[in-house]
Amino acid sequence: MSSFFIKKKVISAATNKGDLKRKSKTDDGKGRSKKFNKRRDEEISSDSENESAVPNRKQQENEDDEIEETPQEKKLRLAKLYLDQLREEEDKTAEQESFEADLIAGRLQEDVLEQKGKLQRLIAKELIAPDPAEIRLLRGHKLSVTCLVISPDEKYIFSASKDCSIIKWEVESGKKVHKIAGGRKGTEARHVGHTAHILCMAIASDGTYLASGDMNKLIMIWDPMTCKHLYTFKGHKDAVSGLAFRRGTHTLYSASHDRSIKVWSVDENAYVETLFGHQDVITGLDCLSRERCVTAGGRDRTVRVWKIAEESQLVFHGHEGSIDCIQLINEEHMITGGDDGSISIWTVNKKKPVSTVKQAHGSHGNTGLEQPHWVSSVAALHNSDIVASGSHNSAVQLWKCGQGFRGLEPLFSVPMAGFVNSLKFSNSGKFLVAGVGQEHRLGRWWRVKEAKNGLYIIPLKRQVQEQEVVQ
């Protein structure tokens, strides 16, 4: 029992001794602890210290608000941005594809209508009559201009004349680029070029070949870029009066006063075949992309459509006089003009004209003996509702075709002295070129002394309107 009490006293003494040590460490010598003093110092701090502490607390609160994002949150945010960008790109691509699809569909529809001969772009209502000061005259031929063609890129014009020469003009500057001089009669053996009146010209749709025909029964093939002579085709028995290349090919059709049509392969420098049918001299010829051509038969008063592959022809009647000029509007419709002063629109589905304007250029002569002005040239802007005609009444007349090519309405006339022997629209429809002379291209029945032999470039300006296409 005594040993138990001894152990208890030792433990209690040790405990008291530890308490005293802890008290001595925290006491400041005056019986107060350091913790108490620290609290007292904080309580009696100055007001300035309190004021400086307030902003520090606010800054700390703001820093706490701007919590730094974790790597997972950053990945999520970047993924959302990437998905938004992809969505925007997909929307833009879809819009572009839809736009392109609409363009392709529209183009395919136009191609189908063009092949069917039913395409008609309604642009006549947009045309504005040109200012006479904007019409340019290009002079270089000594005698009357008889025919002309425009290069597919619309940079050059080739014109031919009764002086047997061919001139290449630059459209933009109006300057003469090259001249193939005509030769005198009897110099055919040594002269490179024509030695008789040139009546017709044609240029391939890709600008590779230029063809010209003269009253010496010859067809000459030229390089349009260099104006170098390539071939000469012989075979017609009279003057060559019409030439046309089939679009997209180098097949050449020629018409002659010998009443025949001939087919040539220019690539192979070869004759293909001859077609007969007209009862009088052929005065004009034209063709587009189909394997067929159309001709005007002069005094036999017929228009003929030649189906080359089928070896057949369609015959149309309608003019009261000689049919002197012809031009295709599209694959199914054409316009003609003649010495009875009338212009007519035809379709291959009807034997008679669907529309005719008599005395289209007025008449001349004494009272009671009036005679209509001959229509010496016609032109059409392909697959549109615009056509033009020329005579010797000192004006070129532009016409608007009615819907479905039924009816002709005058748009405006362009003053021009002399015989308008040739008319051609540029492919884009930006300008019209007229070949003018003092005499008719096929003869010397009249002479207009005040006329100037040359080319007139007529700008065709349009109002800004949405283009319409009808079927």
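The values are calculated or read from the model by the stated rules, or taken from the named source; none is laboratory data. The structure displayed is predicted, hence computed values, not measured ones. With ideal geometry, Cβ positions are generated from the backbone for all residues, glycine too; neighbour counts draw on all protein chains shown. Please note that ligands, DNA and RNA were not included when accessible areas were found on the heavy atoms of the full protein model with its side chains. Shrake-Rupley method; radii C 1.70, N 1.55, O 1.52, S 1.80 Å.
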Quiz item: How many residues does segment 150-163 hold that are touching a residue at least 60 places away in the same chain (Cβ under 8 Å), part of a strand (DSSP E or B) and farther than 16 Å from residue 226 by Cα?
Solution: 1
Practice problem: Confirm whether residue 225 is under 27 Å from residue 432 (Cβ atoms), surrounded by 13 or more Cβ atoms within 10 Å (Cβ to Cβ) and without any contact (Cβ under 8 Å) to a residue 40 or more places away in the chain. | Solution: yes
Practice problem: Would you point out the residue of segment 181-214, among those that are part of a strand (DSSP E or B) and not aliphatic (A, V, I, L, M), that is farthest from residue 426 (Cα to Cα)? | Solution: 214
Quiz item: Given (1) in a loop (DSSP other than H, G, I, E, B); (2) at pLDDT 85 or above; (3) open to solvent by 20 Å² or more (accessible area, probe 1.4 Å), where does residue 141 come up short, assuming only one miss?
Solution: (3)
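Would you point out the residue of segment 215-229, among those that are part of a loop (DSSP other than H, G, I, E, B) and within 18 Å of residue 269 (Cα to Cα), that is farthest from the chain's Cα centre (by Cα)?
Applying the filter and picking the extreme gives 217.
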Quiz prompt | Among the candidates 400, 430, residue that is open to solvent by 60 Å² or more (accessible area, probe 1.4 Å), at pLDDT 90 or above and within 18 Å of residue 134 (Cβ to Cβ) | solution = 430
Quiz prompt | Among residues of segment 189-222, those that are open to solvent by 60 Å² or more (accessible area, probe 1.4 Å) and farther than 25 Å from residue 282 by Cα, counted | solution = 4
Practice problem: Might you check whether a residue that is among the β-branched types (Val, Ile, Thr) and in contact with a strand residue (DSSP E or B) (Cβ under 8 Å, 6 or more places away or on another chain) occurs anywhere in segment 358-371? | Solution: no
Quiz item: Could you say whether any residue in segment 358-373 is surrounded by fewer than 23 Cβ atoms within 10 Å (Cβ to Cβ), more than 23 Å from residue 460 (Cα to Cα) and in contact (Cβ under 8 Å) with a residue 60 or more places away in the chain?
Solution: no
Quiz item: Which fully enclosed strands (runs of 3 or more DSSP E) of segment 362-471 have 1 or more residues being closer than 25 Å to residue 139 by Cα?
Solution: 377-380, 386-390, 395-401, 408-415, 419-425, 431-437, 454-459
Self-check item: Some residue of segment 164-173 being open to solvent by 80 Å² or more (accessible area, probe 1.4 Å), under 24 Å from residue 381 (Cα atoms) and in a loop (DSSP other than H, G, I, E, B)
Solution: yes
Self-check item: Selected residue [within 25 Å of residue 220 (Cα to Cα), out of contact with any Phe, Trp or Tyr (no Cβ under 8 Å at 6 or more places or on another chain) and not aromatic (Phe, Trp, Tyr)] from 267, 300, 324
Solution: 267
Quiz item: Within the group 51, 97, 68, 89, which residue is acidic (Asp, Glu), over 30 Å from residue 456 (Cα atoms), at pLDDT 60 or above and exposed (fewer than 10 other Cβ atoms within 10 Å of the Cβ)?
Solution: 68
